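Enquirer: The structure that follows is given in the form of structure tokens.
Derivation of every value follows stated rules applied to the coordinates shown; laboratory data play no part. Everything quoted here is computed from the prediction, not taken from an experiment. Ideal geometry is used to build each Cβ from the backbone, glycine not excepted, and the neighbour counts take in all protein chains shown.
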Amino acid sequence: MSIPAKPKPNSSEVLYEQIHSLYRQSPFIYLGIVFAMSIVAAFFWTRAGVWAVGAWVTATLVLTLARVGLVLAFRRVNPEGEAVLRWGIAFAFSSLLSGILWGAIALVFLNPEEFDSVLLIAIVLTGMTAGSLVPLSSFLPAYFAYCLAAMSPLAIIMLQQSEGFLILTGYLVIAFIVVNLGYAFVVNRNLAQSIRLRFDNLDLLENVRLQKELAEKANTDKSRFLAATSHDLRQPLHAMDLYLGALANLLSNSEQKELLNKARLSSSALKDLLEALMDISKFDAGNVQVSSHFFNVRELLDDLYEEFHEQATAKSTTIRLFGHSHQVYSDKVLLTRILRNLVHNAIQHSGASKILLSVRSVGEQVRVEVRDNGCGIPLAEQEQIFSEFYQLQNPERDRNKGLGLGLAIVKRLSGLLGFGLNVMSTPEKGACFRLNIPKASALESYTESDEVAADCDVSGVFAIFIEDEISVRDAMRTLLKQWGCELLIGDSLAAVERELDALQYPAPDVIISDYRLRDGHNGIEAVAKLRERFGCDISAIIISGDTALDIQEEVTGLGCRMLNKPLDPKKLKATIAELGVAGP
């Protein structure tokens, strides 16, 4: 889809923007007016008479305040379109009045016989006119009105004098007027060009933003389409494999069987490519869900060692393990996939004779590394290797050397899990891929303890259980009854309280509640109200499928334990026992 080009701004739009610029810059002019007015008033206070100077100062101050009010009104109204032109004309009229007042000092105060009087007025008027050139040239009528009204009286008076020096001054003033008007045209033209360029840049940025949104939408749509049609894509491949299997029973000679094997290899390659594309599309479409819990990352490395040991031996590669047990909080399935891809990549593509899988504690994190002593990765390529279908040593796209999607999947998964993924490598000396995983604190890691006591006794425990799903309530009732617990079960806090009101129940030993309940309520509220009802700090367990950090902090802040779904019954039993609520 293409984006239609916006029409270029017309001259009226540029003019309106110039008038906005005029109002933005005008406060600097008013400061200059007040300063110059003070100099003129001080100089002519005794020479021209108090009344004359006082009247001029008063008129100048009143006009300046009115112009300030005009600017404030413009900013408050912030006009658009044709209304801006009317505000520009109003400003030009105020500039004309200001020019008349400043031109009047030549008519009222100037004494041609006093050189210092001529010099002061000439300096003040030329300075004021030159100083207002840039801000007033945004709108030429404003500058022309001021310049001609302020400077013309001085030029006329000087040309009427008999002395050659004064006449020359008059001609110089005329030249000054002409030059400044010419510069005003130049400044105005440059400002108009810069405004047009700014409009073009804004249009370009908007176009880039729209193009980016279209590209992202197309990519997301593509990914969603692939993810949604994965079943339809797999079905013909599945059928083809069945046909190839049936065909194998009908072939007799070696040439036919060789062709069949090649067809099977092609089918296998297509399936591998499809699986990788499905993975990438799931990431892009946001269909990969993270389910974090506590586990021992060293045990994960042990499993990977067992999985890849024979494959590495076949490639004359030795795998070694280093490090001790460390509890982490993450998605074990996705982390396993990351490390599996890294180990497979090291075995198949690095040319390494040794691979080291290590785990160690670094501050608040557990650092997991996959090192090899293979061919290494050039510095210039260390970012590119995470791109889809990018392979360092496979320019001919040999299918036997892989697809170039393994590291792309590693990058996506590490970003999804919030890991810091780093690669360090020196050509011909090997490479190291490093992951930094959040460490499980001592308080949190109890849920994955290897010392879960399967035979702990919780019989006689009185538990209140709150859950709005009937199937879960029934399953929990069966489980806790088998353990010998006494139960009060309800689908909400209100249901439990009605039961408590009907019979004189003692305080429970433990409250077990789902986090999310009906009508916007949650287990935290239920625990707090039941503790208040019984007037004691009852032990509580919150069960949740949400692993958000703020929920965990809310649960632990109330002094409750949190167990994640799907719930392991042995962990639930061990937690009840650990809370010290088991019966005698």
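Enquirer: Please compute the net charge surrounding Asn190, taking Lys and Arg as +1 and Asp and Glu as -1 over other residues with Cβ under 13 Å from its Cβ.
Expert: Summing Lys and Arg as +1 and Asp and Glu as -1 gives +3.
Enquirer: Just to be sure I understand the curve: with the Debye formula and one point per C-alpha of the range 38-80, what is log10 I(q)/I(0) at q = 0.14 Å⁻¹?
Expert: Relative scattering, expressed as log10 I(q)/I(0), comes to -0.46.
Enquirer: Follow-up question, since we're still on this one. Does the range 454-578 classify as rounded, prolate or oblate by the C-alpha gyration tensor (a ≥ b ≥ c root eigenvalues; a/c under 1.5 gives rounded; else a/b over b/c gives prolate, otherwise oblate)?
Expert: Rounded, since a/c falls under 1.5.
Enquirer: Related question: Work out how much length Ser252 to Val186 would gain on full extension: take 0.36 nm times their residue separation and subtract the Cα-Cα distance, in nm to one decimal.
Expert: The Ser252-Val186 span can extend by a further 14.5 nm.
Enquirer: If R₀ is 22 angstrom, what is the calculated FRET efficiency for the pair Asp491 and Val290, using the beta carbon separation as r and rounding to 0.05?
Expert: For Asp491 and Val290, the calculated efficiency is 0.15.
Enquirer: Let me make sure I get this right: for the range 11-190, a, b and c are the square roots of the gyration tensor eigenvalues over alpha carbons, sorted descending. Under 1.5 in a/c it's rounded, otherwise prolate if a/b > b/c, else oblate. Which is it?
Expert: Oblate is the answer for the range 11-190, as a/c is 1.5 or above yet b/c matches or exceeds a/b.
Enquirer: Can you list the residues, at least 5 places off or on another chain, whose amide H is less than 5 Å from the amide H of Tyr329, using H built in the peptide plane?
Expert: Those lying under 5 Å, H to H, from Tyr329 are Ala440.
Enquirer: Take the Cα pairs of the range 297-368, get the Kirkwood Rh, then feed it into Stokes-Einstein at 4 °C and 1.567 mPa s and tell me D in µm²/s.
Expert: D, rounded to a whole number, is 102 µm²/s.
Enquirer: Assign one of three labels to the range 79-142, namely rounded, prolate or oblate, based on the Cα gyration tensor with a ≥ b ≥ c the square roots of its eigenvalues; rounded applies when a/c is under 1.5, prolate when it is not and a/b is larger than b/c, and oblate otherwise.
Expert: prolate
Enquirer: Order the peptides 116-122, 126-132, 250-256 from the highest to the lowest mean number of other Cβ atoms within 10 Å of their residues.
Expert: 126-132, 116-122, 250-256
Enquirer: Also, quick follow-up: Report the gain in length on full extension from Ser12 to Lys429: 0.36 nm times residue separation, minus Cα-Cα distance, nm rounded to one decimal.
Expert: The Ser12-Lys429 span can extend by a further 143.4 nm.
Enquirer: Another question, if that's okay. Starting from the Cα-Cα distance between Arg75 and Arg47, subtract it from 0.36 nm times their residue separation and give me the gain in nm to one decimal.
Expert: Once the chain is fully extended between Arg75 and Arg47, it gains 6.0 nm.
Enquirer: Please work out the FRET efficiency for the pair Arg198 and Asn111, using the Cβ-Cβ distance as r and a Förster radius of 56 Å; give the result to the nearest 0.05.
Expert: 0.70
Enquirer: List the trypsin sites (Lys or Arg not before Pro) within the range 462-523 that DSSP assigns to loop and that have no more than 11 neighbouring Cβ atoms inside 10 Å.
Expert: Sites meeting the loop and neighbour criteria: none at all.
Enquirer: Right, something else. How do Lys332, Lys315 line up, fewest other C-beta atoms within 10 Å first?
Expert: The order, fewest Cβ neighbours first, is Lys315, Lys332.
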